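> One structure coming up, written as structure tokens, with questions to follow.
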Amino acid sequence: MEALTAPLYAFLWRLLHLLLHVHTALLSWLRPRLPSPTSRLWERAVAALTVPGAATGFPGHQKTLGLLGGDPTEARRSRWLADGQALEKLPVHIGLLVAEEEHSYTDLANLVVWCMAVGISYVSVYDNQGFFRKNNSRLLEEIVRQQQELLGVDGSRYGVDFLSSSINSYQNKVVSCRPTLKVLCPADGKQSIVQAAQQLCRSVENKQSSSKDISVSSLDVLLRESKNIPDPELVLKLGPVNSTLGFLPWHIRLSEFISLPSHRNLAYEELLAALQRYSCCQQRLGQ
């Protein structure tokens, strides 16, 4: 009897997974066509409907998956990847702006891993005190631990770069493939603009270039060479402070900002709701 029920459970689980994928796609299609779907209540409701309990990784759901003959980590990977693929658009680069005094390595590491799992290539972490930059080794350790716990993968699969305050270089802590994490601090924002301007002035002083060569485009080239990453399409502001706190001022002119109350105790459903909101927004780019 057990030999007969195991394949049946596996088939029912795959069927449920398929129905949930269809459900997610349907909600993504309906959301921009319904009036005023921007409230937090709506976002939580949509997220709750689109994310199955198994994806959140609670022990009870992992036990259920085990009974159904499935691997919980594989189910999470597949589910989160499917969530990303179901969105009309997904940011290539997402910024995580931590605007609160209390910090949680575990909660932030979860958020970084979730972003990578849905298919985001670049994740930037920023706080205006440089707390995570000063403690980047601790943050990296926690991210690797959460990768192994939530996804069952080796953290070395992910590239983790820590930008230095120098405009001309950055430190590679792990050299590997995408996705890539950048841990930023205020020195990578306004200070990098000052350093780029000084570099242009020195080139004129040393007669390496003419004052006529100094322009917005030449400054832009220097700043992009120093960061070596695309501009963030989406920035999640995590905390009650209504400010960008100096986060990459040159690179966020076209970024979409979405506020969340905190990075502490943030659920995957809230991240998915924010990504769905970004997916449905229309960026007119000054038109």
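> Return a yes/no flag: does segment 222-232 have any residue that is closer than 25 Å to residue 100 by Cα and at pLDDT 90 or above.
yes
> Please verify whether segment 25-39 includes one or more residues that are surrounded by 13 or more Cβ atoms within 10 Å (Cβ to Cβ), within 24 Å of residue 145 (Cα to Cα) and either at pLDDT below 60 or not hydrophobic (A, V, I, L, M, F, W, C) (or both).
Within segment 25-39, none of the residues are surrounded by 13 or more Cβ atoms within 10 Å (Cβ to Cβ), within 24 Å of residue 145 (Cα to Cα) and either at pLDDT below 60 or not hydrophobic (A, V, I, L, M, F, W, C) (or both).
> For residue 264, only one of the following conditions fails: (1) surrounded by fewer than 19 Cβ atoms within 10 Å (Cβ to Cβ); (2) modelled with pLDDT of 95 or more; (3) touching a Gly at 6+ places or on another chain (Cβ under 8 Å). What is its number?
With (1) surrounded by fewer than 19 Cβ atoms within 10 Å (Cβ to Cβ); (2) modelled with pLDDT of 95 or more; (3) touching a Gly at 6+ places or on another chain (Cβ under 8 Å) applied to residue 264, the lone miss is (3).
> Can you pull out the residues in segment 237-261 that are part of a strand (DSSP E or B) and basic (Lys, Arg)?
Correct list: 237 only.
The values are calculated or read from the model by the stated rules, or taken from the named source; none is laboratory data. What you are looking at is a predicted structure, and each value in this text was computed from that prediction instead of being measured. Neighbour counts are summed over all protein chains in view; Cβ atoms, including those assigned to glycine, are modelled from backbone coordinates with ideal geometry.
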